[in-house]
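Any read-out appearing in this document is the output of simple, stated calculations on the displayed coordinates, not a laboratory observation. All values derive from a computational prediction rather than experimental measurement. Please note: Cβ atoms are built from the backbone with ideal geometry, for glycine as well, and neighbour counts cover all protein chains shown.
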Amino acid sequence: MLNQLLLPASRKFRHSFNCLLILLLPHLLSADVIQHNGITYRNLSEVSTKLRAETRQLNEGNTWELSNKRNKLTFRSGSRAIHLNDTPVYLGYPIIKSKKSLYIPELDWRFTLSPILHASKRTRQIKRIVLDPGHGGKDPGAINESAKLYEKDLTLAVCKKLKPILKKQGFEVFLTRSNDKYLTLEERTQYARSKRADLFISIHFNASTNTNAEGIETFAYTLLSQPSTSRNIADQNDRRFHPANRYDSQNTRLAYFIHKSLARSFDTPNRGIKRARFTVLETLACPGALLELGFLSHPESAAKLSKNKEILKLVDAIVEGIQTYSKETRI
Ligand SMILES: [Zn+2]
């Protein structure tokens, strides 16, 4: 103590600076990027700074809410679903907690969150859209016998109504099938490539043995080297580059804008944006998404989907989603 008091002013300053450094060291060392089980994660504090967001920590620091003028994001330690303005968005791996900070998989920051939150400047203009009515012919898809609903008919009805509306908006629109015809998944993708599509949208309806299951969900092709939403661990196929991975960022944006529009239009559970390596998306030469527009196995949903009014409402929401995506991607 005596020594310190006798120190010249410059040395005193250096001493207090050193003390300050020691105090701050743990903070300075809390890495922005860490490795966990061979996966790179980014500190959400850094994400928050990039988004100019305010961070609120809840639930003893296990839940973080980041909010700025435009968006509110909720991250929960151990959860693979983050909430972006009330829409669940599924990540490749769960959010993890380390030294009082939450971390997001780096790939999900780069190819899931960033593309949604920041428009890309290097995207082509959307002119040609290929719509794919799921199933057909000998493949009826989901069936609700009592409501006499066949998925293959509903998907075709949606696409047939979408076409003239999108054409009016100035898009060139093609359907992979315009009657009750069977097509393989590869034939659908091949058709999109032959039409030099800028956008591919596959339309489907869900079914489950659990008749309480309801809601809308949207799929984007799984990011390179991550497992799909239905699995927890990446396998060899996940680590292989597939043509659809060229559009990882745009696939996410397309799925998000269409899903957001659908979720806003329907008072039904928002099942979120998920990932799957669907064959029909895998070899596309353009961004694509697969929409699951409701459960035929859910009695109330089936009753609604039997009505033309409900189909038109779905169509309007999809058109709005495509418009938003296409406007934002126009250079
Ligand atoms: Zn289907």
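Just a few scattered comments:
- Legend: calculated FRET efficiency, Q323 to H118, from the Cβ-Cβ distance at R0 = 25 Å, rounded to 0.05, equals 0.80.
- For the stretch 175-188, 3J(HN,Hα) per residue [Karplus equation, 6.51 cos²θ - 1.76 cosθ + 1.60, θ = phi - 60°, Hz, x = Gly/Pro]: 10, 5, 8, 10, 9, 7, 10, 7, 10, 6, 5, 5, 5, 5
- For the stretch 145-151, putting each phi into the Karplus relation 6.51 cos²θ - 1.76 cosθ + 1.60 with θ = phi - 60° gives couplings of 4, 5, 8, 6, 10, 10, 4 Hz, in residue order, rounded to whole numbers and with x for Gly and Pro.
- Angstrom value of the Kirkwood radius, inverse mean 1/r, which spans all Cα pairs in the stretch 128-329: 16.9 Å
- Ordering L223, T324, S301 by Cα displacement along the dipole of the chain toward the positive end leaves T324 in first place; charges were set at the Cβ atoms of Lys, Arg (+1) and Asp, Glu (-1).
- DSSP bridge pairs, the stretch 128-329: antiparallel proportion in percent, nearest 5: 20 percent
- FRET efficiency for N71 and I143, using Cβ-Cβ distance with R0 set to 35 Å, rounded to 0.05: 0.35
- Label point distance in nm, K160-F241, each placed 7 Å from Cα along Cα→Cβ: 4.3 nm
- Too-long pairs where the Cα-Cα distance tops 29 Å, listed order kept, from K167/K260; K160/K195; K72/K100; K168/K309; K72/K195; K181/K307: K72/K195
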